[in-house]
Amino acid sequence: MPVNIEERKRRYKRQAVLGVVLSGVLSLAGAAVFAALCLLPNLPSWIAALFIVLAVLCILPIGFSMVVLNQRLKEIEGGELDAAAEY
């Protein structure tokens, strides 16, 4: 049975985007938790600052994920996986 290369590429692209979206949602959820912890009453200022830093550190990888996703989509479109599967 012949393998439909275009269907495989669509599946790989969908999986790559889904992975980045899921990672981004979880990162945003973590940042939201840390941001909510900053709002606790009677919290020392150094702990609030720590929670702010942790919230930013949760959001930071999202930008890098977009760059990696772009590279991954180019690899999929270029057919590198199909070439590697022949070995």
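Evaluation of Asn42 against the conditions (1) on the phi > 0 side of the Ramachandran plot; (2) modelled with pLDDT of 95 or more shows that the sole unmet condition is (2). If I filter segment 1-55 down to residues being open to solvent by 60 Å² or more (accessible area, probe 1.4 Å) and not in a helix (DSSP H, G or I), which single residue comes out as farthest from Val67 (Cα to Cα)? Among those residues, the one meeting the criterion is Asn42.
The values are calculated or read from the model by the stated rules, or taken from the named source; none is laboratory data. As the structure is a computational prediction, the values presented were derived from the model and not from experiment. Heads up: the accessible areas ignore ligands, DNA and RNA and are worked out on the full protein's heavy atoms, side chains in. Shrake-Rupley method; radii C 1.70, N 1.55, O 1.52, S 1.80 Å.
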